[in-house]
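Following: one structure in structure tokens, then a few remarks.
The values are calculated or read from the model by the stated rules, or taken from the named source; none is laboratory data. This one's a predicted model, so the numbers in the text were calculated from it and none came from an experiment. Cβ placement follows ideal geometry from the backbone for every residue including glycine, while neighbour counts extend to all protein chains displayed. The accessibility values were calculated without ligands, DNA or RNA, using every heavy atom of the protein model including side chains. Shrake-Rupley method; radii C 1.70, N 1.55, O 1.52, S 1.80 Å.
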Amino acid sequence: MPDKPLLSVAVIIRNQKDTVEATLTTLFELARLPFELFVIDDASTDGSDEVIESLLDYYGHEQTFYFRHEQTVGRANSLNEVLLHCSGSLFWAPERIQEIDEGLLIDITTQLQSSDYFALTQQQNLPNSPRKWVNFISQNSWFQDGDFIWNLPALSSNNAFFNPFAESHPGLELALRLENNFALTDEQWYKPVDFYDTFPDLSLRHEMLLSILRKYGHSQEIQEVLFDQLKELNHQKQDGQKPENNLLQRAEEMMQKGQFSSALELVEDVLRNESNHSKARQLKIELLEKKRRFVEASELKHEQKRGGHETSSTAGKPEVSIIIPTTGYGKGALEHCLVSISDHCDTSQFELIVIDNASLDDTHDYLDELKEKQFLNCKIITNKKNAGFAASVNQGMEAASGDYYCIMHNDIELNDDAIEQLKKAMESHSEFAVVGPATDNALNSDQNIRNFDGMTGELISAEYLDSFCMMVRADARLKMDEKYELAFFEDVDLCFQAGVAGHKVGIAPNVRVGHHLGTTTLALNLDTESEQYWKNAAYFNEKWDVNIFPEKEVDALNAFDQLLALDELVNPLFPEEEIKQHFEQLFTSELKTEILKTDHEPATLCRLVHLFMVMDEREVMRHLEDRLDNIELPASLIFQLVYFYFQRNIYSRCIHYLDQLNSQGNRLQADLYRLSIYTENKELEQAIPLLKDLLDHAPANPLLYKLAGEIHKFSGNEDEAGSFYDLAEQIDPFNFANEEKDAFGFEL
């Protein structure tokens, strides 16, 4: 038999599907507090009971008791029902919980149990006179039931119940009836959900005034004050007798309590009778956003902007086609992006084209909803495998019908109508084929907001733009080069194409957008140190004959400084032939002897090791490496050394450098290397738990699925291995095609 609980907790649910999971999960995860839990579903109609039953089954808490009412009896009656069955000496009835400080809750309940206080309250004192109670009731912010912990043995039998006529805040009504014998703590043992705020209605205020009258009515002075207050409430009730006003007031109260589904039903009742009721429409928007039904909320907002009249955005040819590729677990970012467009832009002349590159989350269902609602006259393109950014944008441009293509990343956030501003800039400057805004975060530092303080709105010519948000003139007939595969340099390439065709590229300094840089690429294991980046850099330079080697400037230096200059210029993974040739001419036996005999400064030594690694001069590299042991190496050099040795299957050297990372550097990247080494060496006891942990933290990383396939293959699970190989290929078909390979397609 379980020990007798210290605390009895009552959770009364009535159409709280949106919040019940957070409340119960927080309670079930209490590890040290002995408590019993009573959960009553007071005839919910929104599916709350299904959520409750699922959680009870999952956690299996032995001292949880669940009751379901077929008909609503109200919060106070439900709490009284629990009082008849509970065995704890302390009683707590929170409404909706976001967080519990378990240590503090244990301390205060232990102290309360051994005291003669009626109850404990958190953060604010209760009124202690009838006048103060009257003043308190006139306010809109009241104590929540969760702000009280009741000491049941200290309560007299004639007060140990909740007033059934107090449909909400029965705890406060009980506190009013008791003598002022309450303990107060300045610390919060729990926090309700963020949006939860009490808003007492007129009937509840009326009942509270009657409670004051019953307790303090012996004073004629108090009677007069209370009767005046009761008359005022009656006047307010008469003024609000229109049925729709009563429904909306109830809907607002339900929304404040987190009962979004029930509140929305009431609002829909009002709108069925009066479709253009402005207050009801605004409340519906708020409720839809609370329920994360952003598409419907956005459509309703636009109807309001148009005066409540339905107009179709499909009438006529759109001026701007917004093109947004998305992949991986990108729904959250895409959702915020589209909501910001809807909130800040006049979308009547837009069309939206979203390219879904084999997303792993429920993006597909979300996009189906967009299409069904015809949100921004949307078109959806679905790829079974990730086609890469360039190919996706090309798909979007082929499907577009606007005069301008606004290419955007899914992690953009607008704060004003930036799209209209970019369009107007292009209309005023026909010589520009590509125009982009300024931002707070971009790979192209020329587009940083801080560069344009105090500037006018004139376009500023630029050599290239970052594709986070770029508007392209449709009649320029530009197309992205798909050889750039997943990402990087396709935007620079497009701008170079525009320049060759005689067009200009420009930055609109007064147009500003927010950019959450790397939301999608980093999740795919892509950054500016990755193999994909340097591979694309090499392709771009070769395609456009970009001369990154200023031979005359380098030749003006002495031989040793020329080596250091080459290290600054060289592509670390795909070294340029011109630089390699110059290195071979420069690296004489005399210079080699000088380098090996000189005692170099740590920074210079690191640069030399890096250069000889890139040039694959392993003899000199190894001699210099021996001097690195007492130097704290930069994380970038560590990862380059690990990459070098990993490609050559020298795993001991990889581990040697990974062990030097300590707390610095990219821990995810380090764990990916360790997992790859464990898998290659068939050290499955180390590999499997690390794989599970990494999949929780980086569920869109294609390498993890490739390695999962390898692990299953080693274990003889061919079908499971094939499924994981397929997922890796779905995310990155360029580097992880599902076929037998001897080496890992590992990316730095």
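Here are the numbers for this structure:
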item	result
Summed side-chain charge close to GLU53 - residues other than GLU53 whose Cβ falls under 11 Å, Lys, Arg +1, Asp, Glu -1	-3
Unit charges on C-beta of K, R, D, E only; dipole of segment 396-548, Debye	260
Candidates per GluC sites (Glu not before Pro) in segment 247-287, loop by DSSP, up to 16 other Cβ within 10 Å	GLU274
Two-site FRET efficiency, GLU617 against ASP416, from Cβ-Cβ distance with R₀ of 45 Å, rounded to 0.05	0.25
0 to 90° range, to nearest 10: angle between helix 75-85 axis and the chain longest Cα axis	80
The chain - Rg and Dmax from Cα coordinates, angstrom	33.5, 110
Positive dipole terminus of the chain, leading residue within SER87, PHE714, LEU334 (C-beta point charges)	SER87
Computed helical MRE - 222 nm, the chain, DSSP H runs ≥ 4 contributing -39500 (n - 2.57), nearest 500	-14500 deg cm²/dmol
Per-selection metrics, segment 525-653 (Cα): Rg and Dmax in Å	15.0, 43
For PRO164, net neighbour charge (Lys/Arg +1, Asp/Glu -1) across residues whose Cβ lies under 12 Å away	-3
Accessible area (Å², 1.4 Å probe, nearest 10) - THR593	60
Loop GluC sites (Glu not before Pro), segment 16-74, which have at most 10 other Cβ atoms in a 10 Å radius of their Cβ (DSSP)	GLU29, GLU62, GLU70
Å² per residue, accessible surface of segment 586-681 at 1.4 Å	47
11 Å beta-carbon shell around TYR329, net charge (K/R +1, D/E -1)	-1
Hull shadow area, averaged, segment 81-158 [alpha-carbon convex hull, nm²]	6.7
Mean Cα-pair separation over length for the chain, i.e. relative contact order, pairs under 8 Å, 6 or more apart, %	8
0 to 90° range, to nearest 10: angle between helix 531-543 axis and the chain longest Cα axis	50
Highest to lowest packing among 319-325, 288-294, scored as the average C-beta count within 10 Å	319-325, 288-294
Fraction of accessible area attributable to carbon and sulfur, the chain (%, probe 1.4 Å)	46
FRET efficiency, 1/(1 + (r/R0)^6) with R0 51 Å, evaluated for ARG272 and GLN139 via beta carbons	0.90
Theoretical gain in end-to-end length, ASP101 to GLU463 [0.36 nm per residue, Cα-Cα removed]	124.8 nm
